[in-house]
Amino acid sequence: MPLLLAVTLAAAIQPSCSWDRPGHNPYTGGAAAAIDRYTDIPAAVRSTLKRRMLENQSDDKVSITRDHIAGKYQYDPAIRDMHFGKASVCASVTRDKWAETRNEPGAVYCVGQHCILVPRICGNVSRVTRTEAATAAVPAKPAAPARELDAPIEFADLGLADAPEREAIELDPAETAERNAAHRRALDAVADLLTDEELAEAADKSRYGTFGGRGSVGPDDADSVGGDVSPVPEADTWAMLLAGLGLLGWQARRRAKAAARQAVR
């Protein structure tokens, strides 16, 4: 009887065979029976492998080619202890006759150093050796230190630490005279359009509230606005100011005429 069992096992386990025609002689036995034939794997590990295979919880999906087994991990290209037919096992298998472009998908189940390969095409339960991860993890860049929300912003943070101090602009006498002449011309142009009363009323409105505050800055106000106000405004500034005064006078005249018409009625 022991002799008959030895002969049967010798016939079932072959030292070497080829896997040149995947799918030609698929494994027809159960995955649990195949795992139990790997007696060098501890019983507890075999139990975990059988459960994970039953639940289809693989560790990796791989691509099997003639010379490689590729997935998210790296594997030794050798496949061993592959099951064929009903209960035949090949200790080592070759796929030397595969075309270089041939590619067969499979699933790998690993517990520790013990890994089981199951090709999709034939379900031949076999063993492989995992070496390392296929792609090393890229180290994360250290995060930049966050700025404290309550920390005051310094001039150095704004790039203004070395900014030169502002100086008052001094005009030469010729430029001052030119600006004063432009001012007088603008006043003469407005005076031709308004009466003395309308001009005075418009000036009062522009000085006390029409433009959101006092309309002009005198010598006594220089300290309140920084101390570097030019004593003679720009010519275009005078033109804009006087144009505003003219508009205010025109509006005052319209209101007066409207009030007169209402009084007549």
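Cβ-Cβ contacts under 8 Å between residues 6 or more apart (or on different chains), taken from a first residue in the stretch 71-88 that is at positive phi to a second residue that is part of a strand (DSSP E or B) and not hydrophobic (A, V, I, L, M, F, W, C), are listed as D81/S126; D81/R127. Restricting attention to the stretch 90-106, the residues that are under 17 Å from C122 (Cα atoms) and of a type outside the set (G, A, S) add up to 9.
Considering each residue of the stretch 21-64, count those that are among the charged types (D, E, K, R) and over 49 Å from the mean Cα position of the chain (by Cα), and give that number. So the count comes out to 3. Evaluated against (1) charged (D, E, K, R); (2) in a loop (DSSP other than H, G, I, E, B); (3) in contact (Cβ under 8 Å) with a residue 40 or more places away in the chain, R127 falls short on exactly one condition, (2).
Here L54 meets the list (1) under 26 Å from G112 (Cα atoms); (2) surrounded by 12 or more Cβ atoms within 10 Å (Cβ to Cβ) almost entirely, failing just condition (2). For the stretch 60-71, state whether one or more residues are surrounded by 15 or more Cβ atoms within 10 Å (Cβ to Cβ) and either part of a helix (DSSP H, G or I) or touching a His at 6+ places or on another chain (Cβ under 9 Å) (or both). No, the stretch 60-71 has no match at all.
Where a number appears in this text, it was derived from the coordinates with a stated rule and is not lab data. As the structure is a computational prediction, the values presented were derived from the model and not from experiment. Heads up, the Cβs are rebuilt from the backbone with ideal geometry, glycines too, and the neighbour counts pull from every protein chain shown.
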